[in-house]
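The values are calculated or read from the model by the stated rules, or taken from the named source; none is laboratory data. Being a predicted model, the structure only gives us computed values, none of them experimental. Neighbour counts run over all protein chains shown; Cβ positions are idealised from the backbone, glycine included.
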Amino acid sequence: MGSWGYGIFENDDALDIRDRFRRHIRKGLPMEEVTRRCVEDFPDPMNDVSVVLALAALQMEQRQLQPEIKQRALSMIAGRKEVNSWVDPEKRVQALESFKQKLLRY
């Protein structure tokens, strides 16, 4: 996965999920099906931070955030999973905390 920033959509996997998500939403598929199709090519999508956070952000945009995606995203943020793999972990933590606040307000 390539990344160039600290935000939710500043890496290749998240952008791939966003492209798939938007394509399936345009088809009028229900959220469960959109989510399933978005992750079908990822080996372990519900343990992939970029995938889960992207799904959470996209579902919030559609006002259809699934409870299990929300909880998984919050859990990953709280566990700071993969934070140390970023060049500047503190900047990633700041981005995650900002996103966490959006999730909690949803």
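Limited to segment 68-82, what total is found for residues that are surrounded by fewer than 19 Cβ atoms within 10 Å (Cβ to Cβ) and farther than 15 Å from VAL34 by Cα? Number of matching residues: 9. Among the residues of segment 5-22, is there at least one that is among the small types (Gly, Ala, Ser), crowded, with 16+ Cβ neighbours inside 10 Å and part of a helix (DSSP H, G or I)? Within segment 5-22, one or more residues are among the small types (Gly, Ala, Ser), crowded, with 16+ Cβ neighbours inside 10 Å and part of a helix (DSSP H, G or I). Condition (residue is farther than 15 Å from ASN11 by Cα, surrounded by 13 or more Cβ atoms within 10 Å (Cβ to Cβ) and either touching a strand residue (DSSP E or B) at 6+ places or on another chain (Cβ under 9 Å) or at pLDDT below 95 (or both)) applied to segment 46-60: is it met by at least one residue? Yes, there is a match, as at least one residue in segment 46-60 is farther than 15 Å from ASN11 by Cα, surrounded by 13 or more Cβ atoms within 10 Å (Cβ to Cβ) and either touching a strand residue (DSSP E or B) at 6+ places or on another chain (Cβ under 9 Å) or at pLDDT below 95 (or both).
Yes or no, residue by residue, for (1) under 14 Å from the mean Cα position of the chain (by Cα); (2) free of Cβ contacts under 8 Å to residues at least 24 places away in the same chain:
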| site | (1), (2) |
| --- | --- |
| LEU65 | yes, no |
| MET76 | yes, no |
| GLY79 | no, yes |
| GLU97 | yes, yes |
